[in-house]
Amino acid sequence: MTNIETQKQQYSRELAAYTLRQWDVARQSLQTDNTEPGAKSSHRSSRSNSASRDPTLASQVNRLREKIAQTFTKHRA
């Protein structure tokens, strides 16, 4: 397997894990909103809070995206 294929697979796994965590946070937020009496739903704040909960992973995913984009650019030229 080539290095590019390995990077694609790693990126895919990390993105899937990150996405799953984001869905879990959103689901938990909705459950909390529904179980607290008189609680107001604040989708905007829950989204920004959940995104900042794991900045390390988000940073890793962004770096992988950049690496893959650079690799594709090099191979197309």
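None of the figures in this text is laboratory data; all of them are computed from the coordinates on show. Given the structure is predicted, the values throughout are model-derived calculations rather than measurements. When we count neighbours, we look across all protein chains shown, and the Cβ atoms used for this are built from the backbone with ideal geometry, even at glycine.
Which ³J(HN,Hα) values, rounded to whole Hz and listed in residue order, are derived for the stretch 9-18 from phi using the Karplus coefficients 6.51, -1.76 and 1.60 in 6.51 cos²θ - 1.76 cosθ + 1.60 with θ = phi - 60°, glycine and proline given as x?
Using θ = phi - 60°, the values come out as 5, 5, 4, 4, 5, 5, 5, 5, 5, 5 Hz.
Could you tell me the calculated FRET efficiency between T71 and Q22, based on Cβ-Cβ distance and R0 = 30 angstrom, to the nearest 0.05? Could the numbers behind the result be given before it?
On the way: r = 26 Å, r/R0 = 0.86.
Computed FRET efficiency for T71 and Q22 comes out at 0.70.
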